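Here's the structure we're looking at; comments come further down.
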Amino acid sequence: MGLKRSFFASFCWVCLLLCGTLNAQTNQNSGQLILPTPGDSATLRGQVFDRNNQPLAGATLGIAGTSMGTSTDSKGRYALRVPAMVPLELELRFLGFATQRRNVTARPSETIPLRWLMEASVVDLGQGVIVEAERASQPGVAKINPLVSRRLANPSGNFETILQAFGARSQQEFSSQYQVRGGNYDENLTYLNGIELYRPVLMRSGQQEGLSLIHPDLVEHIHFSAGGFEARYGDKMSSVLDVTYRQPRYNSGTVQAGLTGVSLAAEGVLGTEGRWTWQGGLRYRTLNSLLQSLDTRGEYRPVSTDLQALVSYRPNPRWSWNWLSHVGQNVLAVIPSNRETVFGTVKNALQLRVFFDGQESMRFANATHGTSLVYRPHARLSLTQSASFYSGNEIERIDVESAWLLNQLDANLGSENFGNVLFTRGVGAFQQYARNQLLIQVGALEHRGTWQSADAKHLVSWGLRGQMENLDEYLWEYTLVDSLGFSLPSQQSQDSAVQVFRFVSADQTMATRRWSAFGQDQIRLDRDGRWRLNLGLRVQSWSWNRETVWSPRVQVSWKPLWVKDWAFRGALGLYAQPAFYRDARFPDGRINPHVRAQRATHAVLTADHRFKAWDRPFQWVMEAYYKDLRGLIPYEIDNIRVRYLAEAPVNGYAAGVDLRIHGEFVSSMQSWATLSWMKTSERHPVAGWIPRPTDQRVQLALMFQDYLPPYPDYKVNLNLVFGSRLPYGPPDNARLKDTLRMPSYRRVDIGFSRILWGATAQKPLLRGSMARTFRSAWLNLEVFNLLQVNNTVSYTWLYDTQGYQQNVPNYLSGRVLNLRLVMEW
């Protein structure tokens, strides 16, 4: 009850905060940039240099208050088409340099040359991490444009979907979770403004997950590393996603409304001096249209809502304070009625018919709060004190009975009964019952600091963190399997007691403490900064098993002085992952008091080539990696649920190659393609080497954007994913049987958009008060699963008294249409 009151109080507090800031905004002179409807277009061309007259690649030039913009190529050159006869405020940004602004008004068909000279500065990344201007690229770390993630045809609405183009793998359109280079869903770090994020634990399927905490319309920076990351990032074995929200510079906002929900994001500056800034977001989502396309028919009531706010105060250049709050709730109520699935082969076609009685109800409520105080005694030193708190209340209520028939279909093309039932191969029933609840609280205090030497050769970072975790869990769950009137497993005695197929029971608490620290030094080895070395060490101790783990890490990068723009990076490090809750629990519900940290040694080599084709910028990234895995806890994956097994730890490996190209295949529109090959296995004492559950050998991810040349207001984006076959096996907690392979994953989503009005609209459809109130608007028509492919996410297993097993695929959603309207002010 205490957690429920905390959740309710947090929700009310954030509501009052957001309402107050919105009210304060309306009482100020908004200062909002309102662009009139453009006429003909003009072109801005030029080059960007640093103080040493070296061209800057990757600088971003945009129009303030709009989504229009471009990036400089490897020689610092750019070209940007803008509306004519409209006063424009240009903003030039590059990490480590002071933002520059200019006002221009162009005549129709005019080409304006603009040369920029950027001054280096120490820039705060939020949470006290500062960097000085660096021309050298950062190979191995992908910097993702958040504008692209907002415009993809995306069924879940979560921006993590874009990570598939940067090495992540996901075969579940309902979920924001992903796997990276042979790891599972629990091996990825996610930070939002320096706060580590947590996900619900009891989830069984992507339908239950709901919204990701990160609001796509508030994001400014996205950095993703698929391995070999620095010591300042925490203790996970696979990847790190570091997201930073925008620092508001004027009052603006975005509203989206579609068949899958509504989203609102707003931000602004309070007062004339701009010391107070705020951001707020509100989302409502329902995936009922996607769930209705599943094989299981019934009444679905999926509702996901969240509210978040970020407030910042900077009284002077030395001090700044931030507060971030998020509250969310995902609810899924299902009353299944029947299911019909046809599967098998052309010569052996089968049909499963299931009739249900009962219902399922899941509710996942969570709240995340974080605050930080940053003090900068001088330009080269930053000290940050931060605190964060996460609370979750996860409830499962399942009471479903089902009766099934397995039918043999007539597969003879010349038969009059083709496709009809020939005979029934088996009958049976299931009963699934669950009354589960998990209360979780995680609080943390942290200090971080960054110091840069006067000659800029050293950038030293350090941190200390203390964390407390309290979990209160109640589990009561069983599954009854019946075949021909016999309960499985079948009785071997005259005892009249009914045996259940699976039973989980627990009523326990877990209170632990963690302490961690890190230190790292980024060293510039030569005067031009073309050789760089990063040395780091991380340590963590956990009170539950009294284990202390050490993680040394090193990265070296080289930017050669070649005619062509190449950069190289090598990384070697130990990544130890102490257990949390899920990987410390046995399948029967007991918590393992002797669980030890899993370890991965990363060896990564990266080559990054930036070039120009068709007078447009491109980037080609090649990365090879090998991970030596030690002390792995064996597990099985069912949908998105990772079920850790009560088996002895094993060793394994993961090795692969990622090839990625991205750039402007169409002028001013980014596209990319990624091809990955990977193999991961683990060694068992009896069977030797067997594939891990994430052993997907090949993945191809493609995102392409284009527009109709005669009508540039009409745009299209295509998102294609192919994943080769994943291992699976019967759900009997026996890893040695998990050597079967699912069918390949194939999915194409496509989106069509029309710019209704705005600075980039060539032929706006609307003028007047609406166009003056909202500076831009566009309409999207999206087609999910365009090719209507039945992708398999898991299997239902049928049994008889003779031990016969039949696996029936559980398919993901079919083809679904979505209409979405987006307006910005």
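The values are calculated or read from the model by the stated rules, or taken from the named source; none is laboratory data. Being a predicted model, the structure only gives us computed values, none of them experimental. All Cβ positions, glycine included, derive from the backbone under ideal geometry; neighbour counts span all protein chains shown. Protein only, heavy atoms only, side chains kept; ligands, DNA and RNA dropped before computing areas. Shrake-Rupley method; radii C 1.70, N 1.55, O 1.52, S 1.80 Å.
Numbers for the structure displayed
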quantity	calculated
Where the chain is the region considered: accessible area per residue in Å², 1.4 Å probe	42 Å²
Distance between modelled label sites at V686 and R754, nm, 7 Å Cα→Cβ extension	6.4 nm
L779-R275 FRET efficiency (beta carbon distance; Förster radius 56 Å; 0.05 resolution)	0.90
For the range 521-636, projected area of the alpha-carbon convex hull averaged over all directions, nm²	10.7 nm²
Relative contact order %, the range 728-825, counting alpha carbon pairs below 8 Å whose residues are six or more apart	27 percent
L537 paired with K75, simple spin-label distance in nm, labels 7 Å along Cα-to-beta-carbon	4.7 nm
Partners for K75 among lysines (Cα-Cα distance below 26 Å; same-chain residues under 8 apart left out)	K143, K457, K559, K564, K612
Packing rank of 275-287, 545-557, where each peptide gets the mean count of other beta carbons within 10 Å, highest leading	275-287, 545-557
Angle in degrees between helix 2-27 and the longest Cα principal axis of the chain, rounded to the nearest 10	30 degrees
Charge tally in the Cβ shell below 11 Å around A701, where Lys, Arg are +1 and Asp, Glu are -1, A701 excluded	+2
Cα shape, the range 152-298, gyration tensor, a/c 1.5 rule	oblate
Accessible heavy-atom area order of W319, W778, highest first, probe of 1.4 Å	W319, W778
Protection proxy ranking of 687-696, 502-511 - average other beta-carbon atoms within 10 Å, highest first	687-696, 502-511
Net +/- balance of residues flanking D399 in space, Cβ distance below 13 Å, scoring K and R +1, D and E -1	-3
Within straight-line cross-link reach of K737, lysines at Cα separation under 25 Å, skipping those fewer than 8 residues along the same chain	K627, K679
For the chain, fraction of C-alpha pairs farther apart than 38 Å, in %	43 percent
Highest average packing first - 577-583, 224-230, Cβ atoms within 10 Å	224-230, 577-583
Share of carbon and sulfur in the accessible heavy-atom surface of the chain [1.4 Å probe, %]	57 percent
Overall form of the range 199-243 per C-alpha gyration tensor (a/c, 1.5; a/b vs b/c)	oblate
Percentage relative contact order, the chain, counting C-alpha pairs under 8 Å, at least six apart	11 percent
Alpha carbon centroid spacing (whole Å) that separates the range 520-566 from the range 230-246	14 Å
Ellipticity estimate at 222 nm from DSSP helix runs (n ≥ 4, -39,500 (n - 2.57)) divided over the chain, nearest 500	-1500 deg cm²/dmol
I335, I591, ranked by accessible area, largest first (probe 1.4 Å)	I335, I591
Approximate spin-label separation N592-T371, in nm, with each point projected 7 Å along Cα-to-Cβ	3.9 nm
For the range 201-206, 3J(HN,Hα) per residue [Karplus equation, 6.51 cos²θ - 1.76 cosθ + 1.60, θ = phi - 60°, Hz, x = Gly/Pro]	9, 7, 4, 9, 9, x
